[in-house]
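Worksheet: one structure, shown below.
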Amino acid sequence: MLSYQCSNSCRHCIYASSPRWKDWMLEQDLIRYLDQIRKYAPNQRGIHLSGGEPFLNFEATLRAVELCIESGVPLQYVETNGYWCETNDLTAYQFNLLRESGLPAILISVSPFHNEFIPFERTNRAINIAREIYGPYNVLIYTSYFYQQLQDYNPQTKIPFNRYLNTIGLEKAAHSFVEHYGLVPCGRAVSKLSHLFQKKPAETFFNNNCLAEFTSPEHIHIDPYGNYIASFCAGISLGDAHRLEKIFKGNPFQERPILEILATSGVEGLLKLAEDQFDFQVSSEGYIAKCHLCQDIRSHIVRVTDQFEELKPIEFYSYL
Ligand code: SF4
């Protein structure tokens, strides 16, 4: 993640990105992470550059692509929401510069969450011009389902989310967010969208721990502050990515008690800690998933104490 800063404050955003964030990954830090990835994750399939919105700082994104290519770590794509694609010339110019620097592919986000902030005509322009420059197979549309669906709306205006829900219907929309977007119940998705889904009592989620998510090699992020974020556990730092060997070969849970609790006894253990030590009370409405409960507890804990360095970055909890 080059930055949490984004042009939008989308309701589904796992990382609570928005214009309020200001920091970007420093060049020397990226060089260090690439070096660490080469040494300690030599078999990974590739990395992607994301945000936030990478095109908010095009110079930094271009430089990041160059550094990835120089490092030899396979770079798969850069993500964008296309907010910046106001004209054909600008769109082609920036996509061409990245292509010439060695970027093989682009991922373009398309959804009603993004369409609330970005007129569809910009998204469409991004896709059409990217296809010309990168080739049709190197433009990943996330998701094609919503790309088709949003063709039915006025392309020149932003569509308020509630208007979208009214035209689609709550039940169908909620179903499509899970089926066609893979909505992850973390971050702003639970603070802004949980009313769309059925809630269950906290005890429903006591049956497993989070060791599999913490140790999954499938999808991890390194944020601009060096936090190693496993799976989609936004707001939880497994350690400092400047020293990946400590995370991969040591015990990342040492001196990070909340990680230890989640890895061994899951949200049940976290709830016990929060009730016993921080006067946390479960919501009588219930939760849509274990990560919803987890985030509710963590948000409470960071309001009471800053003693847990694994609950980072702290802004994540106030920008939800
Ligand atoms: S419950 Fe918390 S730690 Fe476990 S997978 Fe969900 S967000 Fe991550």
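Any read-out appearing in this document is the output of simple, stated calculations on the displayed coordinates, not a laboratory observation. Since we're looking at a predicted model, the values are computed, not measured. Every residue, glycine as well, gets a Cβ built from its backbone with ideal geometry; the counts of neighbours run over all protein chains shown.
What are the GluC sites (Glu not before Pro) within region 227-291 that DSSP puts in a loop, where the Cβ has at most 15 other Cβ atoms within 10 Å?
Working: sites: Glu245, Glu255, Glu260, Glu268, Glu275, Glu285; in loops: Glu255, Glu285.
Those that pass, being in a loop and sparsely packed, are Glu255, Glu285.
State, to one decimal in nm², a quarter of the convex hull surface area for the C-alpha atoms of region 27-183, i.e. the direction-averaged projected area.
9.8 nm²
From the helices alone, meaning DSSP H stretches of at least four residues, give me the mean residue ellipticity at 222 nm for the chain, per-run term -39500 (n - 2.57), in deg cm²/dmol to the nearest 500.
Result for the chain: -13000 deg cm²/dmol, rounded to the nearest 500.
Over the chain, what is the relative contact order in percent, taking alpha-carbon pairs closer than 8 angstrom and at least six residues apart? The partial results should precede the final answer.
Values: 531 pairs, mean separation 58.9, N = 320.
Computed over the chain, the figure is 18 percent.
When the chain is treated as a GNM, springs tying every alpha-carbon pair under 10 Å, which of Gly52, Gly182, Gly266 comes out with the largest mean-square fluctuation?
Gly182
Would you please report the Å³ per residue occupied by the convex hull of the alpha carbon atoms in region 204-318?
105 Å³
Each residue of region 251-262 in turn: what ³J(HN,Hα) in whole Hz from Karplus with 6.51, -1.76, 1.60 and θ = phi - 60°, glycine and Pro shown as x?
Result, ordered by residue: 10, x, 7, 4, 6, 10, x, 5, 5, 4, 5, 5 Hz.
Short version: ³J(HN,Hα) in whole Hz for each residue of region 236-250, in order, from phi by Karplus 6.51 cos²θ - 1.76 cosθ + 1.60 (θ = phi - 60°), x for Gly and Pro, what are they?
Running phi through 6.51 cos²θ - 1.76 cosθ + 1.60 with θ = phi - 60° gives 10, 9, 7, x, 8, 5, 5, 10, 4, 4, 5, 6, 7, 10, x Hz.
Only bridges with both residues in the chain count here: give the DSSP antiparallel percent, nearest 5.
Percentage antiparallel, nearest 5: 35.
Can you compute the charge dipole magnitude of region 27-183 about its Cα centre, using +1 on each Lys and Arg Cβ and -1 on each Asp and Glu Cβ, nothing else charged? Give it in debye, rounded to the nearest 20.
Dipole size: approximately 300 debye.
Distance from the Cα centre of region 179-247 to that of region 82-115, in angstrom?
If we compute the Cα centre of each part, the gap is 27 Å.
Please express the Cα-Cα pair-distance distribution P(r) of the chain as a list of whole percents, one per 20 Å bin, running from 0 to the bin with the greatest distance.
Spelled out bin by bin, the chain gives 31, 58, 12 percent.
What list of ³J(HN,Hα) values in whole Hz, one per residue of region 178-190 in order, does the Karplus curve 6.51 cos²θ - 1.76 cosθ + 1.60 (θ = phi - 60°) give from phi, with Gly and Pro shown as x?
Whole-Hz 3J(HN,Hα) from phi for region 178-190: 7, 6, 10, 10, x, 3, 9, x, 9, x, 5, 4, 8.
Could you give the distance between the Cα centres of region 264-320 and region 29-59, to the whole Å?
29 Å
Search the structure for amide H atoms under 5 Å from the amide H of Leu140, placed 1.01 Å from N in the peptide plane, and list their residues when 5 or more places away or on another chain.
Ile106, Leu107, Ile108
Once you treat every alpha carbon in region 116-255 as an equal point and sum by Debye, what is log10 I(q)/I(0) at q = 0.10, 0.14, 0.15, 0.21 Å⁻¹?
Taken in order of the listed q values, log10 I(q)/I(0) reads -0.54, -0.94, -1.02, -1.26.
Considering the dipole of the chain built from charges on the beta carbon (Lys and Arg +1, Asp and Glu -1) around the Cα centre, which of Ile168, Cys13, Gly102 is farthest to its positive end?
Of the options given, the answer is Ile168.
Rank by packing, highest mean first: peptides 233-242, 17-26, with packing defined as the count of other Cβ atoms within 10 Å averaged across residues.
Details: 233-242: 22.7, 17-26: 17.3.
Taking the mean over residues of other Cβ atoms within 10 Å, the ranking is 233-242, 17-26.
With respect to the cross-link table entries Lys22/Lys246; Lys200/Lys312; Lys200/Lys272; Lys192/Lys290; Lys172/Lys192; Lys246/Lys312, which display a Cα-Cα separation exceeding 22 Å?
Lys22/Lys246; Lys200/Lys312
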